[in-house]
1. Which residue out of Phe171, Phe127, Phe162 is within 16 Å of ligand 2 (Cβ to nearest atom) and at positive phi?
2. Within the stretch 176-207, count every residue that is away from ligand 1 (no atom under 16 Å from the Cβ) and either part of a helix (DSSP H, G or I) or within 18 Å of Cys224 (Cα to Cα) (or both).
3. Looking only at the stretch 63-84, count every residue that is in a helix (DSSP H, G or I) and either basic (Lys, Arg) or within 8 Å of ligand 1 (Cβ to nearest atom) (or both) and tell me the total.
4. May I ask you to list pairs of residues, at least six apart or on different chains, whose Cβ atoms are under 6 Å apart, with the first in the stretch 217-228 being within 9 Å of Met33 (Cα to Cα) and the second being modelled with pLDDT under 95 and part of a helix (DSSP H, G or I)?
5. Tell me, which residue of the stretch 143-154 that is touching a strand residue (DSSP E or B) at 6+ places or on another chain (Cβ under 8 Å) and of a type outside the set (S, T, N, Q) is farthest from ligand 1 (Cβ to nearest atom)?
6. Go over the candidates Glu31, Glu41 one by one and state the one that is among the acidic types (Asp, Glu), more than 16 Å from Ile148 (Cβ to Cβ), part of a helix (DSSP H, G or I) and at pLDDT 95 or above.
7. Take the stretch 188-221 and flag every residue that is more than 11 Å from ligand 2 (Cβ to nearest atom) and aliphatic (A, V, I, L, M).
8. Given the criteria of a type in the set (Ser, Thr, Tyr) and buried (at least 17 other Cβ atoms within 10 Å of the Cβ), does Thr248 qualify?
Amino acid sequence: FYFYSAPPSFKEEMLRGKRVIVTGASSGIGEQMAYHLARMETHLLLTARTEAKLQKVVEQCLELGAASARYISGSMEDPSFPEVVVREAENTWGGLDMLILNHIGHSTFNYFDGNVGHIRKLLETNFLSYVAMTTSALPMLKESEGSIVVVSSLAGKVGSPFAASYSATKFALDGFFSSLRHEFIMDKVNVSITLCILGYINTESAVRAISHVIRDKPAPKEECALEIVKAGFLRQRELHYPPWVVGTAVLLRDIAPEFLDSSIRSSYRVENLKRT
Ligand SMILES: NC(=O)C1=CN([C@@H]2O[C@H](COP(=O)(O)OP(=O)(O)OC[C@H]3O[C@@H](n4cnc5c(N)ncnc54)[C@H](OP(=O)(O)O)[C@@H]3O)[C@@H](O)[C@H]2O)C=CC1
Ligand SMILES: CC(C)CCC[C@@H](C)[C@H]1CC[C@H]2[C@@H]3C(=O)C=C4C[C@@H](O)CC[C@]4(C)[C@H]3CC[C@]12C
């Protein structure tokens, strides 16, 4: 009840003129967040690797009413790229109100194949780049008393088969950002950190990866994106979306872990998984 009781009221006008970075904005949930933020008349800096897609998303954002919209393309697998993105925001706006960390590198949905090198790369993209962007953006966020939004997953709160590497990078986010939140509060740094715990969402890449193995119906990416933007702006500690699925799983994790584990295992159609 504590988590899902009605949050303080949110009005779209509240975000007008805010300066926001969205990573992984060329598709899926990141793209949808960009559209919501555009309608709310924010200034947007979008990033991902694929320039052609970013160009289209930026055009659409301008049509929807963004105060301004631009992109910078590059890979978060490159350890120097996070700082490049933040510099771009600094040079164009001279400040920043919200940092939305959402991108993920490619991972396959299957048995762990022993590829340690892949985990190392995935940690760079899914975890270290989040830390690096936060570090570079912190002076600007302190000044604006802004917000950091970290997009994670149910697989970052409970273990799930066939996503071991991915899950490790998402658990790392919880450890790092939940510690940092304590420090901000103790140090009177007024920058909020919102950790978003998402269940299965109907983005193209997720549906392609798991629809043959998981029976559950995915939740809509448009609504998911709006809930993330709202939670970040309202400076909520965590977002659980969809609330019922994620709320139940997180609760069961602590009071009935073996029951949760067996329900997770039985939600997979393992026979449809091709061993690689
Ligand atoms: N969909 C789901 O079921 C769930 C999603 N989530 C989380 O939601 C977030 C968004 O997921 P979703 O929208 O489904 O993902 P998508 O695959 O749709 O989008 C991923 C984004 O990241 C970008 N990206 C990929 N590789 C890199 C890279 N090396 N460097 C920089 N950017 C990169 C992609 O663009 P490009 O290829 O152009 O670089 C794209 O914009 C993720 O954090 C994910 O973990 C959590 C739980 C469930
Ligand atoms: C109570 C239980 C039934 C809940 C089980 C939840 C399971 C089914 C859900 C919760 C989070 C989901 C994963 C996720 O976060 C993101 C991705 C990345 C995408 O590119 C490929 C799919 C993948 C691995 C999802 C796979 C399915 C997961 C584990």
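The values are calculated or read from the model by the stated rules, or taken from the named source; none is laboratory data. Computed from a predicted model, the values in this text were never measured in an experiment. Neighbour counts run over all protein chains shown; Cβ positions are idealised from the backbone, glycine included.
1. Unique residue meeting the criteria: Phe162.
2. Qualifying residue count, the stretch 176-207: 9.
3. 1
4. Taking only residues 6 or more apart or on different chains, not a single pair turns up.
5. For the stretch 143-154, the residue satisfying everything is Gly146.
6. Only one candidate qualifies: Glu31.
7. Across the stretch 188-221, the qualifying residues are Val189, Val191, Ile193, Leu195.
8. On the way: of a type in the set (Ser, Thr, Tyr): yes; buried (at least 17 other Cβ atoms within 10 Å of the Cβ): no.
Spelling it out, it is not the case that Thr248 is of a type in the set (Ser, Thr, Tyr) and buried (at least 17 other Cβ atoms within 10 Å of the Cβ).
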